[in-house]
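Asker: So that we are looking at the same thing, I have put the structure below in structure tokens.
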Amino acid sequence: MNLKQFFSGVGCVMAVRYIFSFFIFSLICSICSGQITIKGRVLDSELKPVVAARVESKLKNLRLYTDINGDYHIEASVGDTLKFSSIGLGPESRVITALSKDCNIILIDKEVNCLGAIWDEQDYKKAYRQVNRKYNRLYIEANKKKLW
């Protein structure tokens, strides 16, 4: 089949269908991978705002800092990783998995062995379980106090 035969008759209808399908597919892809504005608040272990906490978007290569209330707004897309950090507090990362627009973070000091004691794997597991329990309690308390 040559080009002239393809674009005449049935071939032309098929070409229009392929072009229309490609257009719809492109439109859906652009909507799904579009930019969204993520906003949130960064708090510390005392549920106080963290001023000037760094917020980074890995895919967009953006960096900004929280305001006096610990609030931030950043452009991101699905699949992007946001990294939160502040001096003296352990960093946190979140992967944007849905078109969620809120991402609230609590940064705490995660250092569990700062005195140089010799710990085995069981000691570290126990310490990290305690850190995770503390995180859970803080998030529950922040939600009850409506700090977000």
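Asker: Answer yes or no: is there a residue in segment 127-146 that is assigned to a loop (DSSP other than H, G, I, E, B) and not hydroxyl-bearing (S, T, Y). Give the steps one after another, and end with the answer.
Answerer: The first filter runs over segment 127-146 and keeps only residues assigned to a loop (DSSP other than H, G, I, E, B), leaving 145-146.
Checking the rest, the ones that are also not hydroxyl-bearing (S, T, Y) come to 145-146.
Within segment 127-146, one or more residues are assigned to a loop (DSSP other than H, G, I, E, B) and not hydroxyl-bearing (S, T, Y).
Asker: Restricting to segment 25-44, what's the tally of residues that are small (G, A, S) and at pLDDT 95 or above?
Answerer: So the answer is 1.
Asker: Within segment 120-130, restricting attention to residues that are at pLDDT 90 or above and under 19 Å from E92 (Cα atoms), which residue is least open to solvent (accessible area, probe 1.4 Å)?
Answerer: The qualifying residue least open to solvent (accessible area, probe 1.4 Å) is Q130.
Asker: Given the structure, is G70 modelled with pLDDT under 95 and open to solvent by less than 70 Å² (accessible area, probe 1.4 Å)?
Answerer: On the way: modelled with pLDDT under 95: no; open to solvent by less than 70 Å² (accessible area, probe 1.4 Å): yes.
No; evaluated as a whole, the condition is false for this residue.
Asker: I need every pair where a residue in segment 119-148 that is closer than 18 Å to C103 by Cβ has its Cβ under 8 Å from the Cβ of a residue that is among the small types (G, A, S) and open to solvent by less than 90 Å² (accessible area, probe 1.4 Å), sequence separation at least 6 or different chains.
Answerer: Once the first residue is closer than 18 Å to C103 by Cβ and sits in segment 119-148, its partners that are among the small types (G, A, S) and open to solvent by less than 90 Å² (accessible area, probe 1.4 Å) give L138/S45; W148/G40; W148/A142.
Asker: Name every residue in segment 44-67 that is surrounded by 17 or more Cβ atoms within 10 Å (Cβ to Cβ), closer than 18 Å to K101 by Cβ and more than 14 Å from the chain's Cα centre (by Cα), in order of residue number.
Answerer: T66
The values are calculated or read from the model by the stated rules, or taken from the named source; none is laboratory data. Bear in mind the structure is a predicted one, so any value in this text is a computation, not a measurement. Methodologically, a virtual Cβ is constructed for each residue, glycine included, from the backbone with ideal geometry; neighbour enumeration extends over all protein chains shown. Note: areas computed on protein heavy atoms with side chains; ligands, DNA, RNA excluded. Shrake-Rupley method; radii C 1.70, N 1.55, O 1.52, S 1.80 Å.
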